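Can you read through this structure? Questions will come right after.
Bear in mind these aren't lab numbers, they're just calculated from the coordinates by the rules spelled out. The shown structure was predicted, so the numbers you read here are calculated from the model rather than taken from an experiment. Every residue, glycine as well, gets a Cβ built from its backbone with ideal geometry; the counts of neighbours run over all protein chains shown.
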Amino acid sequence: MLLPHVLRTCLDKRLDRQDAQGQHVQLAEDPKFDAEERTLFISATTDIFSELEIAEGQPVGVTWNGRKLGDLDSVRSRGTTLVVRNVRSPRGLRGGAFLKLQTSDDFTSFQRRSRAVARILEGRSQIRNLIGCFDPQNATSPQNTGSDVSDEDLSCYELNEDQAGAFKHLWKFGPVGLLQGPPGTGKTLFIASLVHYALTRAHLRNVLVLSQSHEAVNTAAERILQVSERLGGAIDPLRVGQHAKISPALRKYHARAIQDRYRELFRAGIKERVSAASGRLGLDRQYVAEALEIEAVFGSLVRHIDLCESDIAAGIDADVITAAKDRLGSLMDVWQMALKERDIEDAGNPRDVLGEMREDLAARQSVYDVDARRRLLRVLQLANEWSSVLGIRGRSLEELLARSRNLLCGTCVGIGRPGIQLERNAFDLVIIDEAARCTPSELAVGMQSARRILLVGDHRQLPPLFDHELLKAIGPRLSIGLQI
């Protein structure tokens, strides 16, 4: 295996340079150009969106022959149909040509892989001499990294004789294991059984399951959950990646869904917690319940309106002012709707209306303790602020989940996103499915944090990279230049 040499080549940034420049798309036929809208409609030979990761609102540039052609309209583009906006002229573009799709993440991905390769070559990975495990000139022998596994331990997984033998060997020896098998030989069942055993029988702290494609990650993760549901055991997964690329069965394990559940649980508990505190303030529960509703709806709206008006008044940046005005208009529409739904007359300034609502509630409930009302208002505002914080999509929560969950699943490159802080984490076991389809640098992203590694795949399938002789032979026919 030539992995050490290839990794060093990657470190020199020669082999992966093409990969860092974006994804290639071949035109199936001549494109259609709308000159009035400056929009180009393209039919591609393959569905690029199954693998292309585009974050919400992220611009994607389309280039042809080294020059910018336009911007991908990711909303209108689907499957093999690409819509390109802001096109000046597609003159000379014909069927069979190759385009490149480039995002800011392309370079970020390249950096992740470069750092992972450097970390392994410099001996800073969890397995210090990891590169030696792949060097045919190295005399390193397998180590005893696990205990013996009995037939009784494996009986519940319904593995055949070959699978059970491989399981026992790979569990006992390491730190790097290779599992090879063509499609249909039960590799996914093997992965699911190994993960379940590692977390529930061997009590490993955490396991990382990766693959080159989202589809393979989804398949492996779903099978792990099926085994866990059938046999029991505390498996707490986190599915990392873009929400749209995750199968419906796994979306509830995505960071966004977990965050939403935390927020809803917090909101559901606000009324109970505040009501419990009302006794100490000497306030009636009915008054507290109505006050909570007023602050949750109208108080929250007034706070956001105040923020927009502050941005407009500051006048620091024209773009900020424009965005604040747009936001303020939307908030005022919501304000009017909220008043109408509750048959409340619009008296003008939202702050004045909110103040009148508070005074009216206090009069109806005969609450005259101004100090108790003020303290309750502060408690309600803090509760609403915490609820808002839980609604912010940020890296910190994803990092917390990555450290607290015992099973992480994602693509080889996607798992290296900043929120996961992969280089700061260590995994007792890292399993990489479809390893033969991964480039060495993609493998490095997950392997750098592994105490034990299992590479799963079929070396007889098409490789992720082609040698120079093949490129020289077919390159001219496909208009592919050889650049090293």
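For Arg424 and His169, what does the FRET efficiency come to when R0 = 35 Å and r is the distance between their Cβ atoms, rounded to the nearest 0.05?
0.65
Based only on other Cβ atoms within 10 Å, what is the fewest-to-most ordering of Asp148, Asp306, Asp458?
Going from least to most buried by this count: Asp148, Asp306, Asp458.
List the residues whose amide H sits under 5 Å from the amide H of Gly70, counting only those 5 or more places along or on another chain, with H placed 1.01 Å from N in the peptide plane.
Long-range HN contacts for Gly70: Val62.
For each of Glu161, Glu434, count neighbouring Cβ atoms within 10 Å of the residue's Cβ, then give the residues from fewest to most.
The order, fewest Cβ neighbours first, is Glu161, Glu434.
Residue-wise, which Karplus ³J(HN,Hα) couplings in Hz belong to segment 235-250, taking 6.51 cos²θ - 1.76 cosθ + 1.60, θ = phi - 60°, and x for glycine or proline?
10, 10, x, 10, 9, 9, x, 5, 4, 5, 8, 9, 5, x, 5, 9
What residues qualify as long-range amide H neighbours of Leu454, i.e. H under 5 Å apart, gap of 5 or more or another chain, H built at 1.01 Å from N?
Here Gly177, Val430, Ile431, Ile432 satisfy the definition.
Among the listed pairs Lys187/Lys245; Lys68/Lys245; Lys68/Lys325, which are separated by more than 24 Å between their Cα atoms?
Lys68/Lys245; Lys68/Lys325
Using θ = phi - 60° and the Karplus form 6.51 cos²θ - 1.76 cosθ + 1.60, what ³J(HN,Hα) does each residue of segment 436-442 get, whole Hz, x for Gly and Pro?
5, 8, 8, 6, x, 5, 5
Only four residue types carry charge here, +1 at the Cβ of Lys and Arg and -1 at the Cβ of Asp and Glu. Report the dipole size of segment 23-102 about the Cα centre in Debye, rounded to the nearest 20.
That gives segment 23-102 a dipole magnitude of about 400 debye.
Right, next: Could you work out how far apart the two model spin labels at Thr45 and Asp148 are, taking each label as a point 7 Å from the Cα in the direction of the beta carbon, and quote it in nm?
Between Thr45 and Asp148, the label points sit 5.5 nm apart.
At a 10 Å Cβ-Cβ cut-off, how would you order Met337, Met357, Met332, fewest neighbours first?
Met337, Met332, Met357
Mind listing which GluC sites (Glu not before Pro) in segment 343-376 are in a DSSP loop and have 13 or fewer other Cβ atoms within 10 Å?
The qualifying sites are Glu345.
A follow-up question, please. Work out from phi, with θ = phi - 60° and the Karplus expression 6.51 cos²θ - 1.76 cosθ + 1.60, the ³J(HN,Hα) of each residue of segment 335-351, listed in order in whole Hz, and give x for Gly and Pro.
Result, ordered by residue: 4, 4, 5, 5, 5, 5, 5, 9, 6, 9, 6, 7, 9, x, 5, x, 5 Hz.
Additional query: Grab the beta carbon distance between His459 and Glu215, set R0 = 25 Å, and tell me the FRET efficiency rounded to 0.05.
The calculated FRET efficiency here is 0.80.
With a sphere of radius 10 Å drawn around the Cβ of Lys168, what net charge do the other residues whose Cβ falls strictly inside it have (Lys, Arg +1; Asp, Glu -1)?
Counting the neighbours of Lys168, the net charge comes to -2.
Pulled fully out, how much extra length does the chain show between Glu356 and Val75, if you take 0.36 nm times their separation in residues and subtract their Cα-Cα distance?
Additional length available on full extension: 96.7 nm.
Once amide H atoms are built 1.01 Å from N in the peptide plane, which residues 5 or more positions from Ser77, or in another chain, come under 5 Å H to H?
Amide H neighbours of Ser77: Val83.
Something else about it: Given points 7 Å out from each Cα along the Cα-Cβ axis, report the Ser300 to Asn160 separation in nanometres with one decimal.
With each label point 7 Å from Cα toward Cβ, the separation is 5.6 nm.
Set Lys and Arg Cβ to +1 and Asp and Glu Cβ to -1, take the dipole of segment 23-102 about its Cα centre, and tell me which of Phe33, Thr80, Gly66 lies farthest positive.
Positive-end residue among those listed: Gly66.
How high is the FRET efficiency between Arg88 and Gln111 when r is their beta carbon distance and R₀ equals 45 Å, given to the nearest 0.05?
According to the calculation, E is roughly 0.90.
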